[in-house]
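See below for the structure under consideration.
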Amino acid sequence: MIRFSFIFLFTLLLFSSATGQEATLPPSPPTDVMAKDTPNDAGGSITITWKKSPDDIGAVREENKVKGYEILRSTESEGEYEVLGKTTAGAQTYFDTHAQNGVPYYYKVRALGIQSFSESLPSSMAKAKAQWIDWRRRYTFLLALILALSIVYFINQAKSGKQLFIRKIAGLEAVEEAVGRATEMGRKIFYIPGISDMDSMQTIAAVTILGQVAKKTAEYEAKLEVPTSRSLVMVSCRETIKEAYSNAGRPDLYNEDMVYYLTDDQFGYTAAVDGLFVREKPAAVFLQGQFYAESLILAETGNYVGAIQIAGTAQPAQLPFFVAACDYTLIGEELFAASAYLSRDPKLLGSLKGQDVGKFIFLFFIIVGSLFITFEIYDLSFLFR
């Protein structure tokens with residue numbers, strides 16, 4: 001009886017030991033580990049791919065199932081490998097974004113089980129390097145090239161004397177009328193170039209338009225006054241007007257006091273300009289540039305004194321106020337097209353027409369792409385990612 005009990009206990013111990021070893025069997029390792037430089041990048045990245053472990057999906061025993069992968073890296077194939085990162089089960093790709101350009105690297109992928117793991121064979125050697133061209137953006141480059149060539153083509157057409165069609169902009173057609181009215185009435189013309197500094201594209205556009213308005217005032221010998229809210233804008237306006245008067249053949253009419261600085265404070269500047277409107281009662285007011293909450297205050301005061309007002313801004317929130325209180329309003333891009341429209345300079349006209357071609361191309365792709373997506377033909381957005 002004692003012998004039988006001893007044999008039973010010994011057999012049970014062997015069975016338990018065998019069961020424990022089976023429970024801790026590692027999952028099968030991943031295979032075909034490959035490493036290569038990540039294409040179309042600035043370097044510093046290597047892409048690692050592998051075939052999943054057979055125990056990743058459908059493992060016979062839960063204990064053998066892959067719970068994730070560890071990626072190991074070394075600078076020698078048979079050297080010591082360090083853990084680089086981890087991925088979840090089912091993954092087959094990893095990006096080493098901490099690689100140094102020109103340094104050889106080897107990689108292993110470790111399949112992680114519950115209590116154990118298995119490693120793949122080392123990958124082939126890979127080095128990270130920078131590429132000169134990102135070929136994924138080739139279609140964007142092609143469109144940019146077409147746009148650039150269109151601009152060059154239309155500039156040459158304008159220089160050769162060909163008349164380029166630009167639709168009429170009522171506000172710009174009225175510039176001569178406004179200057180002529182001020183001359184007849186013997187009153188001043190006020191030009192307000194917005195309240196932003198020269199780092200704003202709208203302010204730059206306003207100063208450019210000022211050059212054309214100043215040229216007209218020089219020809220008509222009208223009185224021009226430009227109160228500014230930024231010192232740099234004041235200097236730019238002075239130089240612009242001085243050049244315009246010289247080009248018009250009347251440099252003797254230019255006076256630095258035509259342009260002056262008031263204050264940087266938004267509503268302090270607005271109050272000062274409103275006071276000038278009420279006291280001077282100008283015949284024409286130009287509100288061009290970047291405006292904010294002061295737009296309606298300025299426009300309403302100019303309307304109150306009976307001035308003909310030509311406004312322009314690319315601020316969508318301020319456009320309704322200008323439309324309601326001014327005689328003419330340049331809306332959005334009309335502000336930036338004004339200098340080409342007024343000066344008829346071949347370079348500006350050619351650039352404007354070339355940009356119109358670009359807009360047509362972009363609009364074409366938007367319409368065609370929308371139709372393709374609607375009817376599930378093709379997703380054009382993949383071409384530009």
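Just so you know, all these numbers are worked out from the coordinates, no wet-lab data involved. All values derive from a computational prediction rather than experimental measurement. Neighbour counts are summed over all protein chains in view; Cβ atoms, including those assigned to glycine, are modelled from backbone coordinates with ideal geometry.
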Handout entry: Spacing of the two label points (7 Å from each Cα toward its C-beta) at Ile361 and Ile377, in nm
Key = 2.1 nm
Exercise for the section: Take peptides 306-319, 201-214 and line them up by average Cβ neighbours within 10 Å, highest first, as a rough protection proxy. Expected result: 201-214, 306-319
Fill in the blank from the handout: Residues meeting the amide H criterion for Leu84 (H placed from the backbone, H to H distance under 5 Å, 5 or more places apart or on another chain) are Ile71, Leu72, Arg73
Practice task
Just list whichever of Lys108/Lys129; Lys162/Lys242; Lys65/Lys129; Lys162/Lys223; Lys162/Lys216; Lys223/Lys347 have alpha carbons separated by over 28 Å in the model shown.
Solution key: Lys162/Lys242; Lys65/Lys129; Lys162/Lys223; Lys223/Lys347
Handout entry: Potential lengthening between Leu149 and Thr87 on full extension [0.36 nm per residue; Cα-Cα distance subtracted]
Key = 17.6 nm
Practice task
Translational diffusion coefficient, Stokes-Einstein: compute it for the stretch 25-119 using the Kirkwood radius over C-alpha pairs as Rh, at 37 °C and 0.692 mPa s, and state it as an integer in µm² s⁻¹.
Solution key: 239 µm²/s
Fill in the blank from the handout: Counting all Cα-Cα pairs in the stretch 268-333, those more than 19 Å apart amount in percent to 22 percent
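Pop out the Kirkwood hydrodynamic radius of the chain from its pairwise C-alpha distances, inverse of mean 1/r, in Å to one decimal.
On the way: mean 1/r = 0.0362 Å⁻¹.
That comes to 27.6 Å for the chain.
Working from the alpha-carbon coordinates of the stretch 93-162, get Rg over Rh, Rh being the Kirkwood radius. Walk me through the intermediate numbers first.
Details: Rg = 25.0 Å, Rh = 17.5 Å.
Rg/Rh for the stretch 93-162 comes to 1.43.
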Completion exercise
In whole angstrom, largest first, the equivalent ellipsoid semi-axes that the Cα gyration tensor gives for the stretch 46-200 are 69, 21, 17
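In what sequence, highest mean first, do 25-34, 95-104 appear when ranked by Cβ atoms within 10 angstrom? Write down the numbers at each step before the final one.
Working: 25-34: 18.3, 95-104: 13.6.
Highest mean packing first, the order is 25-34, 95-104.
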Exercise for the section: Work out the charge dipole of the stretch 164-344 with +1 on the Cβ of Lys and Arg and -1 on the Cβ of Asp and Glu about the Cα centre, then indicate which of Ala244, Tyr304, Gly180 is farthest towards its positive end. Expected result: Gly180
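May I ask you to order 251-259, 44-52, 363-371 by the average number of other C-beta atoms within 10 Å around their residues, highest value first?
Working: 251-259: 14.9, 44-52: 19.4, 363-371: 12.1.
Going from most to least packed, we get 44-52, 251-259, 363-371.
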Exercise for the section: Please report, largest first and rounded to whole Å, the three semi-axes of the ellipsoid equivalent to the stretch 183-274, where each semi-axis is the square root of five times an eigenvalue of the C-alpha gyration tensor. Expected result: 22, 15, 10
Exercise for the section: Please report how far the C-alpha centroid of the stretch 316-385 lies from that of the stretch 211-254, rounded to the nearest whole angstrom. Expected result: 31 Å
Problem - Cα gyration tensor shape for the stretch 164-344, rounded if a/c is under 1.5, else prolate or oblate - result: rounded
Fill in the blank from the handout: If one builds a Gaussian network model of the chain from Cα atoms under 10 Å apart, the most fluctuating residue listed among Glu82, Glu173, Glu243 is Glu82
Practice task
At 30 Å minimum axial length over the Cα atoms and a Kyte-Doolittle cut of -0.5, report the qualifying DSSP H helices in the chain, or say none.
Solution key: 2-23, 138-159, 346-374
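Treating only the Cβ atoms of Lys and Arg (+1) and Asp and Glu (-1) as charged, compute the dipole magnitude of the chain about its Cα centre; round to the nearest 20 debye.
On the way: 37 positive and 43 negative charges, 193 e Å.
Dipole magnitude for the chain comes out near 920 debye.
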Exercise for the section: Treating only the Cβ atoms of Lys and Arg (+1) and Asp and Glu (-1) as charged, compute the dipole magnitude of the stretch 25-119 about its Cα centre; round to the nearest 20 debye. Expected result: 300 debye
Handout entry: Distance-filtered residues of the stretch 237-274 - backbone nitrogen under 16 Å, label point 7 angstrom along Ala317 Cα→Cβ
Key = 266-267
